[in-house]
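Before any comments, here is the structure.
Read-outs throughout are calculated quantities, based only on the coordinates presented, and are distinct from any laboratory measurement. None of these values were measured; they are calculated from a predicted model.
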Amino acid sequence: MRRVRALFLSDVHLGMRASRVVELIDFLRWHEAEVIYLVGDIVDGWRLAKGWHWPAEYHQLIDLMLAKAQAGARIVVLPGNHDEFLREYLGTYFGEVEFVDRTIHTTATGKTYLVIHGDQFDVVVEHAKWLAHVGDWAYRSALRINGVVNWVRRRMGLTYWSLSAWAKHKVKNAVSIIGRFEEALSLEARESGVQGVICGHIHYADMHDRMGVHYVNTGDWVESCTAVVETPEGELQIVKWSEAPEKRPKLRLGRLREREAGE
């Protein structure tokens, strides 16, 4: 069990069949945090509106999160564009779970960060939602193609390869869009009087100081399986769970509730 001051994760997209919920449950079982920030798009309302997909492991994930809240962890939900229906609950509390549009996190070293999903600074999402839905369809199509490619790679003994991650690295327009997104979030952080920003939305985990503030993106749990943690010493780290050591024991999903009851 790794104990951290804070845990930031986003873009789980519950309702999307490609969501890596099993890996997320495993990650959460191995981490304890004083505060857990769910930085948007935890639930994919767009997909659920088109076709209901809610397998048993989703309930197990929710049970695990509620168990952490009951054990004393503060849980902060910051809705994104895919779970924008949760914005109706902004400013409300359900036990240890609170719903906010944005918040400020202060690290152990006193450094302050704006925490926000980031879709508020996506021009497409804000002003051409139909185009955002087209982009969502294209992303899901890429995931399906990626599934076929990786089936072949597994047969050849090769490791997982992400088509969308490759495109974000190599396609000039995608890189430009990411750059503009980072610039907009960094500007918002400066105008908010903080030293950094922690966000999600673009499914691209990164951490840098190129724009005068500390920019941190949590990534996603559809492909990359990444989260950001703050260590007890106040250092922010990106954790890529799919690259965790193979010797780490895995918990069987069917026994999660039994394990929680025993604790």
Quiz item: Between region 48-87 and region 188-208, what is the C-alpha centre distance in whole Å?
Solution: 23
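Which semi-axes, in whole Å and largest first, does the equivalent ellipsoid of region 78-123 have when worked out from the alpha carbon gyration tensor as the square roots of 5 times its eigenvalues? Let's see the in-between values first.
On the way: eigenvalues 88, 56, 8 Å².
Taking √(5λ) for each Cα gyration eigenvalue gives 21, 17, 6 Å.
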Quiz item: With a ≥ b ≥ c the root eigenvalues of the C-alpha gyration tensor of region 4-123, is it rounded (a/c under 1.5), prolate (a/b larger than b/c) or oblate?
Solution: oblate
Quiz item: Between region 92-114 and region 210-244, what is the C-alpha centre distance in whole Å?
Solution: 17
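Which of rounded, prolate or oblate describes region 173-240 when judged by the alpha-carbon gyration tensor and an a/c cut-off of 1.5? Each step should come with its number before you reach the end.
Working: a/c = 2.25, a/b = 1.05, b/c = 2.14.
Cα axes put region 173-240 in the oblate bin.
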